[in-house]
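Read the figures in this text as sums done on the coordinates, not as results from a lab. Treat the numbers as computed from the prediction; the structure is a model and nothing was measured. Cβ atoms come from the backbone with ideal geometry, glycine included; neighbour counts cover every protein chain shown.
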Amino acid sequence: MPVARVVASASAPESTWVAARLVPMERLKQRADFVAAAGGAKIPAAAFVLQARDRGDNDPARVGFTVSKKVGGAVERNRVRRRLREVVRLSAAERLHAGTDYVLIGRRPALDLPFDRMVEDFAGALGRLHKTGRGANQAAGMRPGAMKGPIG
C-alpha cells in the first residue's frame, strides 16, 4: 500500500515544512529488490548510504530502508529507520525519479546528526546520483573505465 509523502513548499522557511501536495511513495519489501539495488550506484553520506538502481520502467519510485545490527539494539535501529523514512517523506517529489529503486542503509551517526543536516545530505546525495552525463559507476565514485572488459 502506498504511503503519502509531504512535499515541502519552496517559499517555506528552511526548517518549516508545509504540506503542498501528497505524492505516493512505494516501498521496497522483498529481499530480491534490495539485492538488485545493491548492484547499482552507491552514494555515501554521514548518516546513510544511498543505493539506487534504474528498473527501466515508468512506475513510481520505490524506497527501501535497512539498518544492520552493528548500529545498535532494536530501539536504536528503529529510531534510525524512522528518521530516514521522514527524510525521504519530506524530500521534494521531483528528486525521486520514476522507475528507480532507492535503498537507504542507516549508519550509527543518524542517531545524533541534526535532522536538517540529514535532509541536506539526502538532497545532495540525490543530486550527485542524478547528475546528467554521469553513469552509475561515476556516481558511485569509481573512475571511468574501471568496469570495462578485457582489451582486444
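Only bridges with both residues in region 26-139 count here: give the DSSP antiparallel percent, nearest 5. If I count the DSSP bridges inside region 26-139, around 60 percent turn out antiparallel. Placing pseudo-labels 7 Å out from each Cα toward the beta carbon at Glu120 and Lys29 gives an inter-label distance of 3.6 nm. Computed from the C-alpha gyration tensor, the three semi-axes of the ellipsoid equivalent to region 26-139 are 22, 16, 13 Å, from longest to shortest. The mean sequence distance of close C-alpha pairs (under 8 Å, at least 6 residues apart), as a share of the length of region 26-139, puts its relative contact order at 35 percent.
Once fully extended, how much extra length lies between Val75 and Arg55, figured as 0.36 nm per residue of separation less the alpha-carbon to alpha-carbon distance?
On the way: separation 20, 0.36 × 20 = 7.20 nm, distance 3.29 nm.
Separation in residues times 0.36 nm, less the Cα-Cα distance, equals 3.9 nm.
Suppose every Lys and Arg Cβ carries +1 and every Asp and Glu Cβ carries -1, with no other charges. What dipole size does region 26-139 come out with about its Cα centre, to the nearest 20 debye?
Here the size comes out at about 460 debye.
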